[in-house]
Amino acid sequence: MSDTDIRSALTLDQVEFHWAGRNAFGLMVPDFRIAKRERVLLLGESGSGKSTLLSLICGINAPVRGSILVDGTDMVTLRPAARDCFRAEKIGVVFQQFNLLPYASPMDNILLPLRFAPERRARAGDARAAALVLTDALGLARGMMKSATADRLSVGQQQRVAVARALIGTPFLIVADEPTSALDAGSQTNFLDLLFAQCAVAGSTLLMVSHDERLAPRFDRSVRMEDIATLTRQAAA
Amino acid sequence: MILLRLALRSLIARRLTVGLTIFAVALSVALFLGVEKVRTGAKASFGDTISDTDLIVGGRSGSVQLLLYSVFRIGNATNNVSWESYLDIAARPEVDWIVPISLGDSHRQFRVMGTTAEYFERYRYRSGRPLEFDEGRAFDDLFDAVIGADVAATLGYDVDDPLVVAHGLASFANHDNQPFRVAGILAKSGTPVDRTVIVSLEAIEAIHVDWQGGAQIPGQTTSPDKIRAMELTPGAITAAMIGVKSRLQIFALQRSMNQYPEEPLMAVLPGVALQELWGIVGIAETALVAVSGMVVATALLGMAAMIFSGLNERRREMAILRAVGARPLTIMGLLMLEAVLMAAVAAVLGISLLYMGLWIMRPYVDAAFGLYLPIEPLSLREGLVVVAVILAAAATSLFPALRAYRLSLGDGMTVRN
């Protein structure tokens with residue numbers, strides 16, 4: 001293992017993945033790395049395999065070949081249960097939309113990952129206080145944290161709660177899948193400011209996926225999906 | 001317990017469908033326990049019909065038949081016991097007391113039974129409770145009658161009201177010439193006595209003075225005063241209740257009566273015959289339990305269907321849980337937890353419904369069917385039924401939970417909906 005492997009937050013090496021079933025397709029990622037604390041934008045159209053790549057990085061799906069190192073640990077070698085636990089400890093996820101459990105309070109939504117990640121929970125200290133620090137920084141009123149269920153919040157508020165959930169307990173890597181697509185231009189800028197600021201505070205590495213190239217200047221680096229991955233489609237036999 | 005809180009919140013968020021499902025399961029639980037209560041109540045009530053009588057002797061037929069006509073006043077005796085045999089048995093050293101019973105006539109829809117005044121003392125029910133008089137007292141005149149509580153209530157009789165006995169059971173031939181007087185009304189006992197008109201053995205003879213071969217002798221009427229002067233020893237009785245001096249003698253006495261040389265007799269132990277009879281009634285009981293069991297199963301299947309139908313809308317939710325680190329097994333567990341919570345709430349609701357129903361229905365059931373339903377805590381068996389329902393809920397939720405498991409494995413973080 002070279003120095004770069006240790007220094008890099010995320011390394012995908014000769015990764016090969018196949019979806020079975022009717023929409024069978026394969027994804028190959030020969031070499032993709034992100035350095036620690038780096039903010040990377042991954043650009044790609046819908047259907048370019050972005051979501052599949054993210055679920056590989058998060059360890060929800062396992063590749064047939066290759067290795068995926070997060071913070072120096074090869075997730076591919078972990079057993080499924082250990083991988084789930086590793087994800088809970090190391091990775092905070094923000095989705096495109098429908099990020100929150102609609103029936104739970106925003107507070108419970110934020111605290112949810114800690115239930116599966118004891119180390120992260122310990123790091124967070126007083127979890128509720130830590131959550132409030134985050135939501136204060138993200139500009140969410142304290143009153144709405146406990147009372148309302150998450151589905152009463154506006155889309156913008158929901159996305160900020162989702163960021164708080166991804167950041168609580170300072171996970172090593174933040175993975176965001178088109179988190180701004182449901183927001184208008186003004187809110188997008190605002191949202192990114194908050195996201196970057198909080199990642200900097202937590203010292204987390206950020207990988208964000210989008211199809212919007214206009215966001216690229218705000219990141220340390222932007223990568224095109226087609227530059228790092230090859231997609232093979234085959235019609236159903 | 002954030003997961004428990006989430007499961008609860010998720011259920012509350014879907015309160016309409018969840019509420020209806022819970023209500024269905026609760027109703028089925030209440031029904032099942034209600035059937036169970038009625039069943040045990042009926043069985044106890046049934047077993048309590050007669051106590052403290054060691055043997056019942058009658059003409060030879062079947063033990064259940066003898067019990068049916070002598071105690072329950074259902075059906076008819078095929079053979080009688082001659083008065084000589086009766087005296088013979090009464091004279092035996094083992095016999096402590098003996099009460100004759102003579103059946104065959106009726107008043108309106110109620111059976112008339114001839115017996116001795118000792119009957120009111122010897123007939124016991126519900127482990128030794130004696131009959132009590134609501135009004136009046138036992139007969140002391142030849143044409144006195146004592147009526148059961150149901151007879152009084154149905155026909156609106158009071159003490160001193162007249163009462164005409166009909167010959168046979170469904171007959172238009174009345175014993176008009178010898179009207180009776182209501183001497184006493186018995187308190188409700190929940191036994192067949194409630195539906196019986198009791199007269200003295202001599203009275204049964206008296207009303208048949210002018211009768212021969214089941215029909216009135218034309219033109220012949222004997223006045224009550226003349227009858228009073230007559231010798232009214234019965235020729236035969238229908239059956240007799242016997243108490244022995246020592247319980248050890250019961251079987252010897254039973255055997256000797258079953259082998260009685262002068263005429264074909266039969267003696268039964270009421271407890272054994274009751275059990276035998278319940279064995280026949282028990283088929284209906286089993287059917288009842290089976291049907292209410294089906295209702296519980298149906299309600300649980302409904303719940304499984306409800307969880308199934310919700311799965312597709314909840315794939316997003318499961319993807320979120322997976323993304324924050326929940327294992328597929330955790331998601332499966334969460335769904336089963338929801339089912340168990342629903343079943344537990346349903347069980348509590350069902351038990352409350354049961355006791356509310358019992359509390360409301362009890363006086364009515366007691367009055368209408370003579371069925372005493374005690375309001376007491378759940379028996380061990382009933383408690384086990386409740387536990388079984390909750391376990392069955394967990395088991396049935398296994399199917400939708402397994403599907404959720406597969407969905408969450410397959411979907412991962414990407415849900416296309």
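The values are calculated or read from the model by the stated rules, or taken from the named source; none is laboratory data. Treat the numbers as computed from the prediction; the structure is a model and nothing was measured. Please note: Cβ atoms are built from the backbone with ideal geometry, for glycine as well, and neighbour counts cover all protein chains shown.
Looking across the range A:81-103, the residues that are touching a residue at least 12 places away in the same chain (Cβ under 8 Å) and over 24 Å from A:ALA150 (Cα atoms) come down to A:ARG83, A:ASP84, A:CYS85, A:PHE86, A:LYS90. Can you spot a residue in the range A:188-196 that is of a type in the set (Asp, Glu), modelled with pLDDT of 85 or more and within 16 Å of A:VAL94 (Cα to Cα)? So far as the range A:188-196 goes, yes, one or more of its residues are of a type in the set (Asp, Glu), modelled with pLDDT of 85 or more and within 16 Å of A:VAL94 (Cα to Cα).
Quick grid of which residues meet (1) among the aromatic types (Phe, Trp, Tyr); (2) closer than 18 Å to B:PRO100 by Cα; (3) crowded, with 21+ Cβ neighbours inside 10 Å:
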site: B:THR238; (1), (2), (3): no, yes, yes
site: B:MET241; (1), (2), (3): no, yes, yes
site: B:TYR260; (1), (2), (3): yes, yes, no
site: B:MET266; (1), (2), (3): no, yes, yes
site: B:TRP278; (1), (2), (3): yes, no, no
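Contact map, the range A:217-230: first residue among the polar types (S, T, N, Q), second residue not in a strand (DSSP E or B), Cβ cut-off under 7 Å, separation 6 or more or different chains; pairs are A:SER222/A:ALA216. Is it the case, given these coordinates, that A:LEU42 is under 16 Å from A:VAL209 (Cβ atoms), more than 7 Å from chain B (Cβ to nearest Cβ) and either of a type outside the set (S, T, N, Q) or part of a helix (DSSP H, G or I) (or both)? Considered against the rule, which asks whether it is under 16 Å from A:VAL209 (Cβ atoms), more than 7 Å from chain B (Cβ to nearest Cβ) and either of a type outside the set (S, T, N, Q) or part of a helix (DSSP H, G or I) (or both), A:LEU42 comes out as yes. Within the range A:127-149, does at least one residue satisfy the condition of being on the phi > 0 side of the Ramachandran plot and within 22 Å of the chain's Cα centre (by Cα)? Scanning the range A:127-149, I find at least one residue that is on the phi > 0 side of the Ramachandran plot and within 22 Å of the chain's Cα centre (by Cα), so the answer is yes. Taking the range B:104-212 as the region of interest, the strands (runs of 3 or more DSSP E) fully inside it that hold 1 or more residues being closer than 24 Å to B:LEU67 by Cβ and polar (S, T, N, Q) are B:110-115, B:196-200.
Name the residues in the range A:105-145 that are more than 25 Å from A:SER187 (Cα to Cα), among the charged types (D, E, K, R) and in a helix (DSSP H, G or I), would you? Within the range A:105-145, A:ARG115, A:GLU119, A:ARG120, A:ARG121, A:ARG123, A:ARG128 meet the criteria.
Given the condition within 23 Å of B:ALA26 (Cα to Cα), of a type in the set (Gly, Ala, Ser) and away from chain A (no Cβ under 14 Å), answer yes or no: does some residue in the range B:365-382 qualify? Yes, the range B:365-382 contains a residue that is within 23 Å of B:ALA26 (Cα to Cα), of a type in the set (Gly, Ala, Ser) and away from chain A (no Cβ under 14 Å). The residues on offer are B:MET332, B:MET306, B:MET356, B:MET294, and the sole one that is more than 14 Å from every other protein chain (Cβ to nearest Cβ), of a type outside the set (S, T, N, Q) and touching a helix residue (DSSP H, G or I) at 6+ places or on another chain (Cβ under 6 Å) is B:MET306. Being surrounded by 20 or more Cβ atoms within 10 Å (Cβ to Cβ), farther than 30 Å from B:SER397 by Cα and in contact with a Leu (Cβ under 9 Å, 6 or more places away or on another chain) is a description that does not apply to B:LEU337. Pick out the one residue from B:GLU276, B:GLU285, B:GLU262 that is part of a loop (DSSP other than H, G, I, E, B), farther than 30 Å from A:PRO102 by Cα and more than 14 Å from chain A (Cβ to nearest Cβ). Residue meeting the stated conditions: B:GLU262.
Counted as qualifying within the range A:146-237 are the helices (runs of 4 or more DSSP H) with 2 or more residues that are under 24 Å from A:LEU134 (Cα atoms), namely A:155-167, A:185-202.
Condition check: buried (at least 16 other Cβ atoms within 10 Å of the Cβ) and not β-branched (Val, Ile, Thr). Does B:LEU391 satisfy that? No, not satisfied. Has the range B:97-108 got at least one residue that is within 15 Å of B:ALA203 (Cα to Cα), basic (Lys, Arg), at pLDDT below 95 and touching a helix residue (DSSP H, G or I) at 6+ places or on another chain (Cβ under 8 Å)? Among the residues of the range B:97-108, not one is within 15 Å of B:ALA203 (Cα to Cα), basic (Lys, Arg), at pLDDT below 95 and touching a helix residue (DSSP H, G or I) at 6+ places or on another chain (Cβ under 8 Å), which makes the answer no.
From B:ALA305, B:ALA319, B:ALA299, B:ALA284, which residue is under 30 Å from B:LEU11 (Cβ atoms) and modelled with pLDDT under 90? On inspection, the qualifying residue turns out to be B:ALA319. The criterion of at least 2 residues that are surrounded by fewer than 20 Cβ atoms within 10 Å (Cβ to Cβ), of a type outside the set (Ser, Thr, Tyr) and within 14 Å of another protein chain (Cβ to nearest Cβ) is met, among helices (runs of 4 or more DSSP H) falling completely within the range B:1-83, by B:2-13, B:15-47. Restricting attention to the range A:76-113, the residues that are farther than 21 Å from A:ASP13 by Cα and acidic (Asp, Glu) add up to 2.
So, of the residues in the range A:155-179 that are within 12 Å of chain B (Cβ to nearest Cβ) and either small (Gly, Ala, Ser) or without any contact (Cβ under 8 Å) to a residue 24 or more places away in the chain (or both), which turns out to be farthest from A:ASP193 (Cα to Cα)? The extreme case among them is A:GLY169.
What residue, among those in the range B:213-243 that are small (Gly, Ala, Ser) and in a loop (DSSP other than H, G, I, E, B), is modelled with the highest pLDDT?
Filtering first and then ranking leaves B:GLY235.
Filtered by the rule that a residue be facing chain B (nearest Cβ under 8 Å) and assigned to a loop (DSSP other than H, G, I, E, B), the range A:53-104 gives A:CYS58, A:ILE60, A:ASN61, A:PHE95, A:PHE98, A:ASN99, A:LEU100, A:LEU101, A:PRO102, A:TYR103, A:ALA104.
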